[in-house]
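Asker: Once you've had a glance at the structure underneath, I'll fire off some questions.
The values are calculated or read from the model by the stated rules, or taken from the named source; none is laboratory data. Predicted model, so just to flag it, every value in this text is computed and none were measured. Every residue, glycine as well, gets a Cβ built from its backbone with ideal geometry; the counts of neighbours run over all protein chains shown. To get the accessible areas, we keep the full protein, side chains included, count just its heavy atoms, and leave off ligands, DNA and RNA. Shrake-Rupley method; radii C 1.70, N 1.55, O 1.52, S 1.80 Å.
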Amino acid sequence: MAKNPNQKLKLLYLYQILLQKTDEEHKLGMEDLLAALARCGIEAERKSIYSDIAALQDFGLDVMLQRGPGGGYYVASRDFELAELKLLVDAIQCSRFITEKKSNELIKKVESLASEAQARALQRQVYVSDRIKTINESIYYNIDTLHSAISAGVQITFQYFEWILDFTSEQRIQKRYRKGGALYQVSPWALTWDDENYYMIAYDGASNSIRHYRVDKMEHISLTENRREGQQLFHDLNIASYSRKMFGMFSGEEKNVRLRCENRFIGVIRDRFGADLMVRYLDEEHFFVQVSVAVSPQFFSWVFGLGGAVQIMEPTDVRAAFQQQLRDMIE
C-alpha cells in the first residue's frame, strides 16, 4: 500500500480518536477506528491498528478492549476522572474573580480533558451567565504577574481603585483611584481567596504593617528591582489563620473574643475558625469558644446574621461596640 503524507501521523490520530471518542460508556470497534482514520485521510489495515494500540498502551494510555456485542476499544482511565472535572467546572463557575468570558474559555479547556460524551455531561451543568462575575478581565493576568513577583521575591507597584457614585455624571458608577492615582509600592508575600474574591497579602514598608488588597481592584502592576521586605513578619504569619480572622478581609484590631454558642452551631464555628478550637462546656445546649478575630463591622454582621445563636461575651469593649452598632442600625 502506497503511503500518503498523513501516514506518519497515524499513531497520533489514533491517540486523538481514542481520547475524544471513547470512554467506559462509549467504545469503538475495529471498523469504527478504521473509518475514523479514513476521515482523517489515513488508510490503515487491521494488523497495523493492533500494533499501534499496543504501542499506545506501552506509552501509558489505558486502552482496554471489551469483547462481545457492544464492545470495542476505549480509554478506561484518564488523568482526571469525570467527578474531578465537575469539581473544577464548579470552582470556575463560582469564582466571582473570573469574568464570564474567561470562565467559558477555561471550562472549554477543562472539557478537552474528557471524552466528547463526557464533555457534554459537563456542559449540562454550566450556568456561568447567571452568576455574578467581575468585569475586570485583567485579573486573570494580574494573578499571574503577582505570582511571578512572589516567586522572584521583589516589590511591586500598582494603582488601586474603588467604585464611587456620581449622580452628576451620565455614568453614575465610576472608578476612582485611591491616593489620587499615585502608585502603591509594597512587598507581595501571598495570594488568598476569601469570600469569592482574590486578595494579595503584602508588607507595606511605609507603615511597617501587613496589608491586603483586592486583586480585581489593582491595575498597572509592575515588578521592581527592589528586593522584597517584611520577611520576619511573614515568617511568623500563618496565612490561613490570618484569613480566618479577617471577616470579608476587612481589617480591625485583633482581639481574643469569647463567644457563647448554641451546640447546633458547632459546625458553623468550625467552618469559620478551623478545627483547632478552644471549646468549653457551658450547659446542655450551649458552649463557650475563644477565638481570635479582627474586630470590625463585618465581624459584628456575621454574629448578627446567626440570629442570637452566637453571642459575644468578652471582652466587654467588643460587646459594647457590637451593641452600639445595633443601636446605630436601628436609628
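Asker: Go through the range 275-311 and count every residue that is part of a strand (DSSP E or B), modelled with pLDDT under 85 and open to solvent by less than 70 Å² (accessible area, probe 1.4 Å).
Answerer: 1
Asker: If you don't mind, there's one more thing I want to ask. Would you mind telling me which numbered condition in (1) open to solvent by 20 Å² or more (accessible area, probe 1.4 Å); (2) assigned to a helix (DSSP H, G or I); (3) over 30 Å from Asn197 (Cβ atoms) Lys108 fails?
Answerer: Among (1) open to solvent by 20 Å² or more (accessible area, probe 1.4 Å); (2) assigned to a helix (DSSP H, G or I); (3) over 30 Å from Asn197 (Cβ atoms), Lys108 violates only (3).
Asker: Would you list the helices (runs of 4 or more DSSP H) that sit entirely within the range 1-105 and hold 3 or more residues that are more than 39 Å from the chain's Cα centre (by Cα)?
Answerer: Once the helices (runs of 4 or more DSSP H) in the range 1-105 are filtered for at least 3 residues that are more than 39 Å from the chain's Cα centre (by Cα), what remains is 30-39, 46-59.
Asker: Further, regarding this structure: Among the candidates Arg260, Arg327, Arg272, Arg319, single out the residue that is at pLDDT 90 or above and under 29 Å from His212 (Cβ atoms).
Answerer: Matching residue, one of Arg260, Arg327, Arg272, Arg319: Arg319.
Asker: So is Tyr203 in contact with a Gly (Cβ under 8 Å, 6 or more places away or on another chain), open to solvent by less than 50 Å² (accessible area, probe 1.4 Å), at pLDDT 85 or above and not in a helix (DSSP H, G or I) or not?
Answerer: So Tyr203 fits the description; yes.
Asker: Next up: Evaluate the following for Ala149: is it assigned to a strand (DSSP E or B) and open to solvent by less than 30 Å² (accessible area, probe 1.4 Å)?
Answerer: no
Asker: Is there any pair linking a residue in the range 311-331 that is without any contact (Cβ under 8 Å) to a residue 60 or more places away in the chain and closer than 21 Å to Val291 by Cα to one that is part of a helix (DSSP H, G or I) and open to solvent by 90 Å² or more (accessible area, probe 1.4 Å), with Cβ under 9 Å and at least six apart or on different chains, and which?
Answerer: Final answer for the pair search is Phe322/Phe304; Gln325/Phe304.
Quick grid of which residues meet (1) surrounded by 17 or more Cβ atoms within 10 Å (Cβ to Cβ); (2) over 24 Å from Gln118 (Cα atoms):
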{"site": "Lys8", "(1), (2)": "no, yes"}
{"site": "Leu18", "(1), (2)": "yes, no"}
{"site": "His26", "(1), (2)": "no, no"}
{"site": "Gly29", "(1), (2)": "no, no"}
{"site": "Ala44", "(1), (2)": "yes, yes"}
{"site": "Ile49", "(1), (2)": "yes, yes"}
